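*Asks:* Dumping the structure here so I can ask a few things about it.
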Amino acid sequence: MFRAYSVPDGSRIPLIDAVKALAAQLIVLHHLAWYGPMSDVAAAASPLFGTWQSWLADYGRYAVAAFFAVGGYLAAQALSPRGLPLDQSPFSMILQRYLRLAGPYAVALLLAIVSAALARQWMTHDSIGSPPDLWQFFAHLLLLHDLLDFEALSAGVWYIAIDFQLYALLVVLLWVARRLASADFPGPLLVLIVALASLFFFNQRDAWDATALYFFGAYALGVGSSWAVRSARPYRLLSLLALIGVTALWFDFRPRIAVALVVALTLGLAHLHLRTSVHNRGKVLASLGRMSYALFLVHFPVCLLISAAFHQLAPLDPYLNALGVLVAWVASNLAALLFYHQVERRLSALWRVSRPKPQYLRVS
């Protein structure tokens, strides 16, 4: 039985900002290492750079699992902090989520198309996709590009579609729980069932990796952690969450699940023990955490243009290309800061609809 538990608001915990900030930076560096061509040329500059490039290319992508865990944690807070069933139609809540994502996302898609068109004039490389057609653009705009098997217009857009699917699936599960009101608080039970199916079945099969079912296990670890710290027995439920995660890893070790489990448990323990006050030293992390979505959206077009420019300037100079990697990383963060303030915040205010306040099923 879940009830209110006197813990601070997890969204204020600086650790969440730190996790989002670090994960976003790792994703940018992973894409710089993976897609090249600057990092490929720069790897010849020194064995150390080559080692770091190889590590980021192979392991940097696992940072996305941290976003899944944080996303689940925050979604549970926003939708149903104690796992109560939602007593309203899910459509308006899912639409609100889509509108929040879609405005900045649409602008970023246009930036990606323009950047690719310019880069295509300066170099030929696998990181530049084919010129898109109208159907491909609209499939991306509706977050259906992977489900319809369209070529991605930018690196990382698959994650935005999956994040939306995961949120929608959680909303639907909590709404379905309303239809099963004869049971005591079935919302967490439904989430647990789907999470176990994801961990032990869907996540084992790559054919499902364009759907939320493939990633819901990692997302649900964050959801479960958020609900656990608001329960009457938070440590017992966090221990149960750890047991489920460790069992899934024993069954089949997957680095993404391991990262999501560590992040989910760390957030839960931090929520119970750490202060929520944000001191001046936390402002940088808070800023980087807030602009993580903007960074995710704009970094690849920026990196693509800088890669093309350095390819024209010094296609075979490893030291200049190493400098180019650094320039691309810094420029991506500056572009994200500008995008966050001038695009994301403005469009969020412009397209905001009245946020429906979650209504929970009252169970005595």
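*Asks:* From the backbone phi of segment 163-171, what are the Karplus-calculated ³J(HN,Hα) couplings (6.51 cos²θ - 1.76 cosθ + 1.60, θ = phi - 60°) in whole Hz, Gly and Pro given as x?
*Replies:* Values, residue by residue: 4, 5, 4, 5, 4, 4, 5, 5, 4 Hz.
*Asks:* What relative contact order, as a whole-number percentage, does the chain give when Cα pairs under 8 Å and 6 or more residues apart are counted? Don't jump to the answer; show the numbers that get you there.
*Replies:* Values: 537 pairs, mean separation 124.0, N = 364.
About 34 percent, as a whole number.
*Asks:* A follow-up question, please. Output wanted: per-residue J couplings in Hz (rounded whole) for segment 17-34, from phi through Karplus 6.51 cos²θ - 1.76 cosθ + 1.60, θ = phi - 60°, x for Gly and Pro.
*Replies:* Using θ = phi - 60°, the values come out as 4, 5, 5, 4, 5, 5, 4, 5, 5, 5, 5, 4, 5, 4, 5, 5, 6, 7 Hz.
*Asks:* Once fully extended, how much extra length lies between Ala314 and Ala207, figured as 0.36 nm per residue of separation less the alpha-carbon to alpha-carbon distance? Don't skip to the answer; put the middle values down first.
*Replies:* Numbers: separation 107, 0.36 × 107 = 38.52 nm, distance 4.10 nm.
Between Ala314 and Ala207, full extension yields an extra 34.4 nm.
*Asks:* Separate question: So if we plug the beta-carbon distance of Ser287 and Leu141 into 1/(1 + (r/R0)^6) with R0 = 22 Å, what FRET efficiency do we get, rounded to 0.05? If you can, show how the numbers build up before the last one.
*Replies:* Details: r = 29 Å, r/R0 = 1.30.
Once rounded, the FRET efficiency stands at 0.15.
*Asks:* For segment 40-146, what is the relative contact order in percent, using Cα pairs closer than 8 Å and at least 6 residues apart in sequence?
*Replies:* Result for segment 40-146 is 13 percent.
*Asks:* Using unit Cβ charges (K, R positive; D, E negative) and no other charged atoms, how large, in debye to the nearest 20, is the dipole of the chain about its Cα centre? Numbers along the way, then the final one.
*Replies:* Values: 26 positive and 17 negative charges, 374 e Å.
Once rounded to the nearest 20, the dipole reads 1800 debye.
*Asks:* Per DSSP H run of at least 4 residues, take -39500 (n - 2.57); add these up for the chain, divide by its residues and hand me the 222 nm value, nearest 500 deg cm²/dmol. Don't skip to the answer; put the middle values down first.
*Replies:* Details: 15 runs with 247 residues, N = 364.
Result for the chain, helices only: -22500 deg cm²/dmol.
*Asks:* If R₀ is 35 angstrom, what is the calculated FRET efficiency for the pair Ala197 and Leu338, using the beta carbon separation as r and rounding to 0.05?
*Replies:* On the way: r = 42 Å, r/R0 = 1.20.
After rounding to 0.05, the efficiency reads 0.25.
Every read-out reported here was derived from the displayed coordinates using simple, explicitly stated rules and does not represent laboratory data. Just so we're clear, the structure is a prediction, and the values are computed from it rather than from any experiment. Every residue, glycine as well, gets a Cβ built from its backbone with ideal geometry; the counts of neighbours run over all protein chains shown.
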